[in-house]
Structure formats: C-alpha cells, structure tokens
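The values are calculated or read from the model by the stated rules, or taken from the named source; none is laboratory data. None of these values were measured; they are calculated from a predicted model. We place every Cβ from the backbone using ideal geometry, glycine too, and count neighbours over all the protein chains shown.
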Amino acid sequence: VAVVVDGDHRVLLVRRPDHGLLAGMWEFPPEDALEALGLGALLGRASVEFEPVRHAFTHLKVTYHPALIELPREGGSPPPKDGVRWMRLSDLSQLPLPVAQQRIGTLAHDRIHLGPPPAPAPCPAIDR
C-alpha cells in the first residue's frame, strides 16, 4: 500500500469498485492501482516503510505493508480522475475509509507530521 504525499502535503486515495468487499470505500492505493493510474514508476521511490497493519475480516486476515512515497514539490501531483482524490490526512474523516485504512492514515500522520491527526470516520453499514 502506497502513502503517496504530494508537494502540497496531500495524500493520494483511490475508490474501491462498487462491488465486492468494502465496495465504494476509499483507500490508500495498492500497487495494482498505482500501475493502473500510470504511476507504477513511483513504487521504487518509497522513502519510509511503516509498521505492518493487520486486520481481520470475518472470513480472512490481511496484512498491509504501507510505504511512504514523497513527490517533489516542483513536479506537481498527477491530476485527480474519477475515483482518485488528493486529500490532506487531517480531512480523511470526510470519506468512508475502512478501519485498516484509517490506521494507515494515522501511522502516516504520525510519521510525516502534517497537522492534527485524522478523526476516525464512521463506517456506514453496507447492505450488500
């Protein structure tokens, strides 16, 4: 999982598909999402790896390995697209983020010090 931070101290988030596990929620981009956005070259630029984030769903256990990727200020950040958003860590509570992604946001905040920590977002019940 990539915590991509641009020169304006915003992080890159992607929206999950509208079907399946955690449908429609937002997350820090996994490798395949970065590749799909044409940002696969960023994967080799990770400057810090955070501690793993473990999460147990009812039917599986997942371990995320977040890594910080800082974009240079002068290069700018790629423009947002449908299902892609740049956002300050302190504003993450405005989006539906899975619990594990909220933990990654808190870890990122603690490591890069970008203002007040993100408030936990309420997790809406998903009827699927």
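Of note:
- Against the list (1) out of contact with any Pro (no Cβ under 8 Å at 6 or more places or on another chain); (2) part of a loop (DSSP other than H, G, I, E, B); (3) surrounded by 14 or more Cβ atoms within 10 Å (Cβ to Cβ), the condition Pro17 fails is (3).
- Flag for Arg73 being modelled with pLDDT under 80 and over 19 Å from Val14 (Cβ atoms): yes
- Of the residues making up the stretch 26-37, those that are surrounded by fewer than 18 Cβ atoms within 10 Å (Cβ to Cβ) and under 12 Å from the mean Cα position of the chain (by Cα) are Pro30, Glu31.
- The set of residues in the stretch 38-58 being surrounded by 13 or more Cβ atoms within 10 Å (Cβ to Cβ) and assigned to a loop (DSSP other than H, G, I, E, B) consists of Leu39, Ala46, Phe50.
- Unique residue being buried (at least 16 other Cβ atoms within 10 Å of the Cβ) and without any contact (Cβ under 8 Å) to a residue 60 or more places away in the chain when the list is Gln102, Gln94: Gln102
- Among the residues examined, Pro96 does not qualify as assigned to a loop (DSSP other than H, G, I, E, B), farther than 28 Å from Lys61 by Cα and modelled with pLDDT of 65 or more.
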